[in-house]
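Reading through the structure tokens given below for one structure.
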Amino acid sequence: MGLFSFFQKKQAVSQEVKSEADLELYTPISGNLISLEEVPDLVISEKLIGDGVAVVPDTGADTIVAPCSGTISRLIASNNAFAVRTEQGVEVYVTFGIGTSSFTGSGMAAIAKLGQAVAVGDPVLKFDMEKVSKDLESTVTSLIVVRSSASIAKVISSSGKAEAGKDPCSWVILQDDQ
């Protein structure tokens, strides 16, 4: 199988996944999509909270957007993480940075408020990359479909370059309640 046919096959699988998915999630920050296993944080890489995808942000990135429509259900005090609860009851958690246990949030600001309705691509967090990168081990941003939030059968994620709020990065398939 040649390289070109590999990409064709991957695209065909994506179309199949899209038609089967109950929820399509969009990239929360522009950058390069990587698997959660590659995130240098044990809780995230071992998928203890849930499954999803991570993004290595582009150098000029300064905004994190809503990956789906719903309501802001969590907003961390340091303004580096939030969750959106969808109509289906799925909670999607987005966290910016690794090594945040002592991170005070200097250089981060929330644009959205707890309880606010958001649509795909709405700005939620704003940050100064130069300032925050000094206080964090990594600026990798994780998008996690919280395991306990709904009857999730499967989360399928993409890879490669993606633009915030414009490119899909994960698809959620819910269990049939029969």
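Points to keep in mind about this one:
- Helical runs (DSSP H, four residues minimum) scored at -39500 (n - 2.57) apiece and divided by the length of the chain put the mean residue ellipticity at 222 nm at -4500 deg cm²/dmol.
- At the residue level, residue 58 shows approximately 50 square angstrom of accessible surface with a 1.4 angstrom probe and all protein chains present.
- Taking the protein heavy atoms of the chain in the context of the full set of protein chains, the accessible area attributed to carbon and sulfur is 49 percent at 1.4 Å.
- 10 Å Cβ shell holding at most 14 others, DSSP loop, GluC sites (Glu not before Pro): longest site-free stretch of the chain: 88-136
- Phi angles across segment 117-133 convert, under the Karplus curve 6.51 cos²θ - 1.76 cosθ + 1.60 with θ = phi - 60°, into 3J(HN,Hα) values of 6, 10, 10, 3, x, 5, x, 10, 10, 10, 8, 9, 4, 4, 6, 6, 5 Hz, Gly and Pro given as x.
- Coupling constants for segment 44-56 follow from the phi torsions by the Karplus curve (6.51 cos²θ - 1.76 cosθ + 1.60, θ = phi - 60°), and in residue order they are 6, 5, 8, 6, 5, 8, x, 9, x, 8, 10, 10, 8 Hz; glycine and proline get x.
- With a threshold of 22 Å on the Cα-Cα distance, the over-threshold entries among 47/134; 126/166; 18/161 are 47/134.
- Annotation for residue 114 and residue 148: the two label points, set 7 Å from Cα along the Cα-Cβ direction, are 1.8 nm apart.
- On a per residue basis, segment 54-126 carries 41 Å² of accessible surface, using protein heavy atoms and a 1.4 Å probe.
- Percent RCO, i.e. relative contact order, over the chain, from Cα pairs under 8 Å lying at least 6 residues apart: 32
- Net charge of Cβ neighbours under 10 Å - reference residue 17; Lys, Arg +1; Asp, Glu -1: -1
- Packing-based ranking of 113-120, 102-109 yields 102-109, 113-120, ordered from highest to lowest mean Cβ neighbour count within 10 Å.
The values are calculated or read from the model by the stated rules, or taken from the named source; none is laboratory data. Quick caveat, the model's predicted, so the values are computed rather than measured. We place every Cβ from the backbone using ideal geometry, glycine too, and count neighbours over all the protein chains shown. Surface accessibility is based on the protein's heavy atoms, side chains included, excluding ligands, DNA and RNA. Shrake-Rupley method; radii C 1.70, N 1.55, O 1.52, S 1.80 Å.
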